[in-house]
1. Looking at A:VAL172, is it more than 30 Å from A:VAL73 (Cα to Cα), more than 14 Å from every other protein chain (Cβ to nearest Cβ), within 14 Å of DNA strand D (Cβ to nearest atom) and β-branched (Val, Ile, Thr)?
2. Pull out all pairs, ordered by first then second residue, where Cβ-Cβ is under 7 Å, the residues are six or more apart or on different chains, the first lies in region A:15-34 and is among the hydrophobic types (A, V, I, L, M, F, W, C), and the second is surrounded by fewer than 16 Cβ atoms within 10 Å (Cβ to Cβ).
3. Listed residues A:SER178, A:SER164, A:SER135, A:SER170; which is part of a helix (DSSP H, G or I), away from DNA strand C (no atom under 13 Å from the Cβ) and hydroxyl-bearing (Ser, Thr, Tyr)?
4. Restricting to region A:6-36, name every residue that is in contact with a Pro (Cβ under 8 Å, 6 or more places away or on another chain) and either within 14 Å of another protein chain (Cβ to nearest Cβ) or among the acidic types (Asp, Glu) (or both).
5. What pairs come out if I take residues in region A:189-201 that are assigned by TED's automatic domain parsing to the domain that holds A:ASP147 and pair them with residues that are among the acidic types (Asp, Glu) whose C-beta lies under 7 Å away, six or more apart or interchain?
6. Within region A:127-141, is there a residue that is farther than 30 Å from A:VAL29 by Cβ and within 16 Å of DNA strand D (Cβ to nearest atom)?
7. Would you be able to say whether some residue in region A:117-124 is within 13 Å of DNA strand C (Cβ to nearest atom), touching a residue at least 24 places away in the same chain (Cβ under 8 Å) and of a type outside the set (Ser, Thr, Tyr)?
8. Does B:ARG91 satisfy being within 30 Å of A:THR185 (Cβ to Cβ), away from DNA strand D (no atom under 14 Å from the Cβ) and either not assigned by TED's automatic domain parsing to the domain that holds B:ASP64 or not small (Gly, Ala, Ser) (or both)?
2 protein chains.
Amino acid sequence: MIRLLLAEDQGMMRGALALLLGMEHDIEVVAQVGRGDEIVDAALVARPDVALLDIELPGRSGLDAAADLRDEVPDCRVLILTTFGRPGYLRRAMEAGAAGFLVKDGPVEDLAEAVRQVLRGETVIDPALAAAALSAGPNPLTGRERDALAASVDGATIADIAASLHLSESTVRNYLSSAIGKTGTRNRMEAVRAARQQGWL
Amino acid sequence: MIRLLLAEDQGMMRGALALLLGMEHDIEVVAQVGRGDEIVDAALVARPDVALLDIELPGRSGLDAAADLRDEVPDCRVLILTTFGRPGYLRRAMEAGAAGFLVKDGPVEDLAEAVRQVLRGETVIDPALAAAALSAGPNPLTGRERDALAASVDGATIADIAASLHLSESTVRNYLSSAIGKTGTRNRMEAVRAARQQGWL
DNA sequence: ACCTGGCCGTGACAAATGTCCCGGGTGCCT
DNA sequence: AGGCACCCGGGACATTTGTCACGGCCAGGT
């Protein structure tokens, strides 16, 4: 029996996946969580063989949780399941030690098979996505540029960002200008969008 | 047997829901589509008793499709299933003649029961959401203010918006300024965010 | 010891944005 | 006929944003 942990914030999706995977004769869902910061605790208790993690989770990113699992529950293989096949996500997932990366498009039938593959030690990745990730190159943004961009979502003003990062307004504008340049965009909003698209952020 | 049409863009979610609902003894999934502009055609062919529609769909909004169905396939009851329980969405769903409104949180078990309820002529709505929709009041934005806001997502400049709406830049700025005032925000981005949050847009 | 790159800041400037006036036109309701 | 709301535009103005040039600090690599 493959012991599976399932982390997904949308209740209906989580329930549906749990039911479907539980119907497989060789899979048993031993833990379900809806928040990223509950993953490690649940894994320590339930001792799953495979963790199926969404990326966008409240509390803690599934990618960060994957890195945590590698340290704290090394026997557990990680399979990332996400809505967005962003190159940067895939790259970060691999760096965090994930064994597989699936997007929520594509048929459900693949899911159980992917779980079995990662347990056999194989790596499962959509080939097209892998190519995109390689061709896109790594994240060119520095840490602070990322911070500034991330803080500027939802229409925060320069003053807001400066306050939230404890920086001067001039500095923030320099970082943002730099990020706009690196993303090849015309303003904050486009830069945020572009960075999101790539999975930087 | 309840004949069901399922419209949902995320392949895995669609597949999972189809399998789960198909396992119910009294439900048969007679059509699955992944785009909003395929809903009416599919319904005309499959003649479902109930249509389970996501809102955010490529091609055409599930809310618009619900209005279409009321006109073209009036026997078919509409049940809206959405990620975001936004007051404006609920309001628009009701105006489009939907018989029910579910959010994708909450247990899958409710789903089949909700389908049966709408078929019996009952209306299914989360009470808390209904209260929020009533207390929020109707959409205060005029048609053009909505257009201008919608066109300003993703960092379009005033010039871009003016071009895409065939308006002068002055006009666009006036509309945006008005929308910013009505939403009680400080700039475009906040206004867009606030309007989205409410389900205006 | 030097160079590089990230980090943090200032000042000045041009461009974009948001606000407040104003005008005219239309259609709808009373 | 008047009032009202929406549509469309112009002009002036203050504010915000984005760019550029320029400092200094610190860590790492050669």
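1. Working: more than 30 Å from A:VAL73 (Cα to Cα): yes; more than 14 Å from every other protein chain (Cβ to nearest Cβ): yes; within 14 Å of DNA strand D (Cβ to nearest atom): yes; β-branched (Val, Ile, Thr): yes.
Yes, satisfied.
2. A:VAL29/A:GLY22
3. Working: A:SER178 fails: away from DNA strand C (no atom under 13 Å from the Cβ); A:SER164 fails: away from DNA strand C (no atom under 13 Å from the Cβ); A:SER170 fails: away from DNA strand C (no atom under 13 Å from the Cβ).
Sole residue among the options that is part of a helix (DSSP H, G or I), away from DNA strand C (no atom under 13 Å from the Cβ) and hydroxyl-bearing (Ser, Thr, Tyr): A:SER135.
4. Taking region A:6-36 as the starting set, the residues that turn out to be in contact with a Pro (Cβ under 8 Å, 6 or more places away or on another chain) are A:9, A:11-12, A:15, A:30-31, A:34-36.
The answer is A:ASP9, A:GLY11, A:MET12, A:GLY15, A:GLY34, A:ARG35.
5. Taking only residues 6 or more apart or on different chains, the pairs are A:MET189/B:ASP154; A:GLU190/B:ASP154; A:ARG193/B:ASP154.
6. yes
7. Start the filter on region A:117-124 by keeping residues that are within 13 Å of DNA strand C (Cβ to nearest atom), which leaves none.
No, because not a single residue in region A:117-124 is within 13 Å of DNA strand C (Cβ to nearest atom), touching a residue at least 24 places away in the same chain (Cβ under 8 Å) and of a type outside the set (Ser, Thr, Tyr).
8. Values: within 30 Å of A:THR185 (Cβ to Cβ): no; away from DNA strand D (no atom under 14 Å from the Cβ): yes; either not assigned by TED's automatic domain parsing to the domain that holds B:ASP64 or not small (Gly, Ala, Ser) (or both): yes.
Spelling it out, it is not the case that B:ARG91 is within 30 Å of A:THR185 (Cβ to Cβ), away from DNA strand D (no atom under 14 Å from the Cβ) and either not assigned by TED's automatic domain parsing to the domain that holds B:ASP64 or not small (Gly, Ala, Ser) (or both).
The values are calculated or read from the model by the stated rules, or taken from the named source; none is laboratory data. Everything numeric here is computed off the predicted structure, so don't read it as measured data. Neighbour counts are summed over all protein chains in view; Cβ atoms, including those assigned to glycine, are modelled from backbone coordinates with ideal geometry.
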